[in-house]
1. How compact is the stretch A:206-317 by the rule of thumb for globular proteins, expressed as Cα Rg over 2.2 N^0.38 Å?
2. Other chains near A:71-82: what is the mean number of their Cβ atoms within 10 Å of each residue's Cβ?
3. Given Cβ point charges of +1 (Lys, Arg) and -1 (Asp, Glu) and nothing else, what value in debye, to the nearest 20, does the dipole of the stretch A:170-272 about its Cα centre take?
4. Just tell me how shielded B:113-124 is by partners: mean number of partner chain Cβ atoms within 10 Å of each residue's Cβ, no decimals.
5. So what's the angle, to the nearest 10 degrees on a 0 to 90 scale, between helix A:256-269 and the longest Cα principal axis of chain A?
6. Which peptide among A:160-173, A:141-154, A:42-55 comes first, and what is the full order, when sorted by highest mean count of other Cβ atoms within 10 Å?
7. Of all alpha-carbon pairs in the stretch A:43-195, indicate the percentage at a distance above 25 angstrom.
8. Give me Rg/Rg_expected for the stretch A:265-321, where Rg uses Cα atoms only and Rg_expected = 2.2 N^0.38 Å with N residues.
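Each reported figure results from applying straightforward, stated rules to the coordinates on display, with no laboratory input. A quick note: this is a predicted structure, and the numbers were derived from the prediction, not measured. Here the Cβ positions follow ideal geometry from the backbone for every residue, glycine too, while neighbour counts run over all protein chains shown.
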Amino acid sequence: MRIMQRVQRFSVNARPAGVLLLVVTLLFLSGCAGSPTLKSPDRLGIPEKVTLDDVPFHGQRDYQCGPASLAMVLNASGIDADVDTLIPQVFLPEREGSVQPEMLATLRRYERVPFVIDSNFEALLREIANDHPVIVMQNLSLPAWPVWHYAVAIGYDMDARELILHSGMEAKTRTSFGTFDNTWARSERWAVVALPPGELPDSISRHRAMSAIADFERVNDPQTALPSWRALTERWPSMAMGWFALGNAEYAAGDPEAAANAFREATEQDASLAVAWLNLGLTLEDMGDNDAAREALNQSATLPSEWQAQAQRALEGLPSE
Amino acid sequence: MMKKLARVLSPLLIACLVLGSLPVAAAPASPTEGGLVSTQDALSADQVQADRERIDDVLSRQDVQDQLLAQGVDPADVRDRVDALSDQEVHDMADRLDDMPAGASVVGALFAVFVILLVTDILGLTDVFPFTR
């Protein structure tokens, strides 16, 4: 009898315990859902509230959030591209979706340089504040049942802690920083800005910027990429490879003198960059300055590098003094 | 069947490309005709590797082209799409296109886990159903 009573008392106590367990579990779960910690707008150097009103909205049809997002950023950048043209360029019918590399590739085809910016919230806000709409990839669902989705971030409100997106069928939809960051984190915070040649994003490492421009140049041509190389060397004047790339673009654009200057700058920033000495030598030879060419090729031929043999051959090809 | 064919053809293709590139490699590069070293070449670490990668690129681009066709891309578009990819992207796609997330936002298949996602939506962990906002 006494035992029964004890069991009964125990089961009475079990309910609050169960509720407590649930609450603790939920608290733990929502602990992950905490919104990202951000510096104040003052310290970030950005306004409290931004909405890029000039980014047009294209609602997605079926599963085509990829082409729709591309159309929005391209239109905002002054390029006349519509969703119907973009679909056969980026959509994978069997997958009913679009993959990230092809998103970047399509932007290149429209003469915009796609930069994958730094993967953090502050970088995202800073780009929006700089008037750059940002294509973001989210997994709206849980990793076990993914719902991958592209949207365009066009604004934010630091007071309300909300991000403003053109997403799916909704224009200017607002999502809390916390929820957005949870869904965005699942794509490793993939974010892309599409900029005209000559512009660079704020939040990007110099090496990522360099390879973004090199990839753009390969698909288009050096002349088109020239303003981007100029911007790169302006931002990071100590980057020898940037000067080297600028030299190649100047040469291809038909300005050997500017090319020689850029190659020379590359060798001044890094005297051991044999390939810059080599191209400097070849350019000077092209300009008919054999003495200066010999000097540069000599440098390249003495530096141990994979270009040594080529420099040696070029040196032998020069008319003797 | 295609796989088997590809296994036989790939080494042959490699051999053809290597043999084809031999005369070029053997001939002394004349500076006036050979031109400058391109930025893309200079960025890839060393020359032997760069040559090997070039052959690899040709094969990878072909591979990605086939995969895109299999995914239902119009044959008229496939060439331009592959051409716009960087070498690194081509390699990534050749290796793991099937595992790549494809942005699509398909909700249809998810009703089985409706309740779970409803709760996680309310918690702000997910953002599947617009009405939870």
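1. Values: Rg = 13.5 Å, N = 112, 2.2 N^0.38 = 13.2 Å.
The reported ratio for this selection is 1.02.
2. Values: counts 0, 0, 0, 0, 0, 0, 0, 0, 0, 0, 0, 0.
Mean shielding count: 0.
3. Details: 10 positive and 15 negative charges, 108 e Å.
About 520 debye.
4. Details: counts 4, 0, 0, 4, 5, 0, 2, 6, 3, 2, 8, 15.
Taking the mean over all residues of the peptide, I get 4.
5. Taking the Cα atoms of chain A, the angle to A:256-269 is about 60 degrees.
6. Details: A:160-173: 19.1, A:141-154: 22.2, A:42-55: 13.7.
Descending packing order for the listed peptides: A:141-154, A:160-173, A:42-55.
7. Details: 2423 of 11628 pairs.
Tail of P(r) above 25 Å: 21 percent of Cα pairs.
8. Working: Rg = 10.2 Å, N = 57, 2.2 N^0.38 = 10.2 Å.
Here the answer is 0.99, to two decimals.
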